[in-house]
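Every number here is computed from the coordinates shown, using simple stated rules; none is lab data. Please read all numbers here as calculations on a predicted model, not as lab measurements.
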Amino acid sequence: MAEMIEGSDPDLAEGFGRTFVGYEQYADDADGHWYRATCDYRYFLGDDPRDYNHYAREWLEGKTPVYLPDGQAPPEPAIDGATLAQAAWDSVTIPTATISYNPMYGGVGATFVGMDTWVWATGDTPKEVT
């Protein structure tokens, strides 16, 4: 994930900029933007924040901020959107619905022909999956 740091924000530029390679060259450019790689804790699936810090440091190693003059496209993400979407889909577990209905004929799983049949989901069936 790339985060844009506004080049026109003097407080942000002062705080972050001095550590960026080439900062002095672009310090007075209020139209361009710095981009840096970020890693957001909200998407970490582990239990221990120290694990997140370890993985984030490892992933961010060697990824230096990049300055782009106004009008240039931001850097491409390290992982394309289709791969991220597939990973998200693969990580989702949707509970299997238990279906009940009425009227029910004995224990054979049958209902009656010509009668209205009510069908519903029971058990751990989600109302919504995000």
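Please work out the ratio of the alpha-carbon Rg of the stretch 41-130 to 2.2 N^0.38 Å and round it to two decimals. All intermediate terms of the calculation are to be shown ahead of the outcome.
Details: Rg = 24.8 Å, N = 90, 2.2 N^0.38 = 12.2 Å.
Cα Rg divided by the expected 2.2 N^0.38 Å: 2.04.
Starting from the coordinates of the alpha-carbon atoms of the stretch 82-130, obtain the Kirkwood hydrodynamic radius over all distinct pairs and give the value in Å to one decimal.
Details: mean 1/r = 0.0731 Å⁻¹.
Result for the stretch 82-130, one decimal place: 13.7 Å.
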